[in-house]
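In what follows, a single structure is set out as C-alpha cells and then discussed.
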Amino acid sequence: MKTLGLCQVIKCKAAVAWEPNKPLVIEDVEVAPPQANEVRIKIVATGMCHTDLYILFESMKKESFPMILGHEAAGIIESVGPGVTEFQPGDKVIPLFISQCRECRFCKSPKTNQCEKGWIETQHVLKDSRFTCKGKKIEQFAGTSTFSQYTVVNQMAVAKIDPSAPLDKVCLIGCGICTGYGAAVNTAKVEPGSTCAVFGLGAVGLAAVMGCKAAGAKKIFAVDINPEKFEKAKVFGATDFVNPKDYDKPISQVLAEMTNGGVDYSLECVGNVEVMRSALESCVKGWGISVVVGWTELHDVATRPVQLIAGRTWKGSMFGGFKGKDGVPEMVKAYLGKKLLVDEFITHNMTLDQVNDAIELMKHGKCIRTVLNPFPQ
C-alpha cells in the first residue's frame, strides 16, 4: 500500500546555511509532504563533497540563502506523492543532482547525461522547496538538500538501488565516485595500455585514478601538492606520483619529459582554471585528451590555440557522464560484486551535528570523504 502525498508535514533536524561563509546551524525544520511526482526520503547517510564548500565559501550567491546543502547521499523512501509509480515506501535509493526524465532530447541521446528538466538548467536551488524553518522558506540545493534527516525530491532525480546495499557506504556513489570514475571510463574513454595523469587527489581524483586502472591504463601519474595523498592514491591504482612543488618548471613540462611528449589522457579534478590549463598542456599532441572534472564558475579558462590545433581534445564531464537512474544502480552492483572500491574513500564517520567539523576537515585537506549520519543512535 503506497503512502500518498496526503501524509503529514515532518519536523526534523537539518543543517541550515543561513548565509554564505558562515557555519551551518542545526535547526528544527518542517519538510512538507511530497507533491505530484515527488518522493520524500529519509536520509540515512550523506557525504561531504567539495562542491558544498564551493557554494558556501566561493560562489556565495546571497540570493541562494538560506539553503540546505548536501547532494551525495543514500536513504529510504518514506512516502510518495500522486503519480509516482516507480517507487514505494521502504525502497533504498540514491538522490541524483542530475535528473533523468527519459523524455527530453538529452535523455534520449546516448551522447550525454544532461537533462532539460533538471535543476541545473535553471539554477543551483529549487525555488519550489518543501523546506521551511522559523517561518521562512529554505532553498533546496541541487534539487536534493541531503544535510537533513528528510528531503523531498522529484522522482526523475532518484535512483532505486539494490536492497542489500549498505547506505553508509554507497552514498558516495551519489557524487564523488561516479564523477571521477566515469570521467575516465565514459568521458575520456581511457584505453588499455595508455598513460594517464590525474590532477588533484581528493575523492573525485582518486575515483578517476580507479577509473583509469579499470580501463587498463599502464601508467597513472597522480599529481597533487599534498604528498600525504600519494599513499592513498596507490590503493586506487596510481603507479607514479608527482608533486608540482618539487620542480622549478611547469608540471606540463615535467610530465612531457617523463612520458616522451605527454600523457594520452589527463583529468583535472580540482576546479582550478590554472590546473585545467596545466592538465591540457600535459597531454601529448596528436591525440591527447584532457577532461575538466573540477567545478568552478568564477574564472575563464585559457590556453594558446596551438595546443588544440596540434590535435589535443579538451572536454568536460559532469557526474562522470553517467545517466543517473541507469548508471547509479549499476555502480552499486559493481561495488556489491567487489569490482569497485568504495569503503576506502571513507576516512571519517560523524553525525550531522558535527557537520561544521566535517567542513573544516575538508577545507584543510585532512580527509578524503566524511560520511554524516543524520540519525545517530
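Just one of (1) over 20 Å from V204 (Cβ atoms); (2) surrounded by fewer than 17 Cβ atoms within 10 Å (Cβ to Cβ) trips up T296, so point out which.
(1)
With the checklist (1) within 18 Å of A159 (Cβ to Cβ); (2) modelled with pLDDT of 95 or more; (3) open to solvent by less than 10 Å² (accessible area, probe 1.4 Å); (4) out of contact with any Leu (no Cβ under 6 Å at 6 or more places or on another chain) in hand, flag the one item C49 doesn't pass.
In the conditions (1) within 18 Å of A159 (Cβ to Cβ); (2) modelled with pLDDT of 95 or more; (3) open to solvent by less than 10 Å² (accessible area, probe 1.4 Å); (4) out of contact with any Leu (no Cβ under 6 Å at 6 or more places or on another chain), C49 misses (2) alone.
Could you check F345 against (1) open to solvent by less than 20 Å² (accessible area, probe 1.4 Å); (2) without any contact (Cβ under 8 Å) to a residue 40 or more places away in the chain and say which number it fails?
Only one criterion is unmet by F345, namely (2).
Can you list the strands (runs of 3 or more DSSP E) found entirely within the range 270-369 that contain at least 2 residues being more than 20 Å from V209 (Cα to Cα)?
Values: elements: 289-292, 313-316, 346-351.
Fully inside the range 270-369 and qualifying: 346-351.
With the requirement that a residue be in contact with a helix residue (DSSP H, G or I) (Cβ under 6 Å, 6 or more places away or on another chain) and open to solvent by 10 Å² or more (accessible area, probe 1.4 Å), what does the range 54-83 give you?
Listed by number, the list is empty, since nothing qualifies.
Given the criteria within 18 Å of the chain's Cα centre (by Cα) and modelled with pLDDT of 95 or more, does H71 qualify?
yes
If I ask for residues that are within 21 Å of E19 (Cα to Cα) and modelled with pLDDT of 90 or more, which ones from the range 109-134 would you list?
R130, F131, T132, C133, K134
Only one of these is in the same structural domain as I98 (by the TED database), out of contact with any strand residue (DSSP E or B) (no Cβ under 9 Å at 6 or more places or on another chain) and open to solvent by 60 Å² or more (accessible area, probe 1.4 Å): K363, K333. Name it.
K333
The values are calculated or read from the model by the stated rules, or taken from the named source; none is laboratory data. Everything numeric here is computed off the predicted structure, so don't read it as measured data. Ideal geometry is used to build each Cβ from the backbone, glycine not excepted, and the neighbour counts take in all protein chains shown. Accessible surface areas use protein heavy atoms only, side chains included; no ligands, DNA or RNA. Shrake-Rupley method; radii C 1.70, N 1.55, O 1.52, S 1.80 Å.
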